[in-house]
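Student: Here it is, the structure, as structure tokens.
Each value in this text was obtained by applying a stated rule to the coordinates, not by laboratory testing. Computed from a predicted model, the values in this text were never measured in an experiment. With ideal geometry, Cβ positions are generated from the backbone for all residues, glycine too; neighbour counts draw on all protein chains shown.
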């Protein structure tokens, strides 16, 4: 009689403990942040990596509420898009599947008429 070793049980892979921006996303966000700092619009930022979302917040001054929050919600990937631009009052200004399209509204704020 042959004895077969037990088949090892491999549980399903666990969901990541926190969501984060990847290198390309951070590069695009920090590029916009650098242009806005050079224009004198923004002064500080904060990054939060939570269980269900990643948040990049920008501030005019360090002691204020954030002017904008750029959020990544992977659970909304197949619905409204996983990237969102949230205003100071918590209203979602733009949502989409492409980070560049979501950030385009903030890039337009840099274009000003010359007097």
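Student: How far is helix 23-38 tilted, in degrees, relative to the longest principal axis of the Cα atoms in the chain, given as a value from 0 to 90 rounded to the nearest 10?
Tutor: 20 degrees
Student: Given only helices, namely DSSP H runs of n ≥ 4 each adding -39500 (n - 2.57), what is the per-residue ellipticity at 222 nm of the chain, to the nearest 500 deg cm²/dmol?
Tutor: The per-residue figure over the chain is -7000 deg cm²/dmol.
Student: Shifting gears a bit: Ranking request for peptides 79-86, 22-29: highest mean number of other beta-carbon atoms within 10 Å first, then the rest in descending order.
Tutor: My ranking of the peptides, most packed first, is 79-86, 22-29.
Student: With an 8 Å cut-off on Cα pairs and a minimum separation of 6 or more residues, tell me the relative contact order of the chain in percent.
Tutor: 16 percent
Student: Over the alpha carbons of the chain, what is the largest minus smallest coordinate on each principal axis, giving the biggest first in Å?
Tutor: Principal-axis extents of the chain (Cα, largest first): 93, 29, 25 Å.
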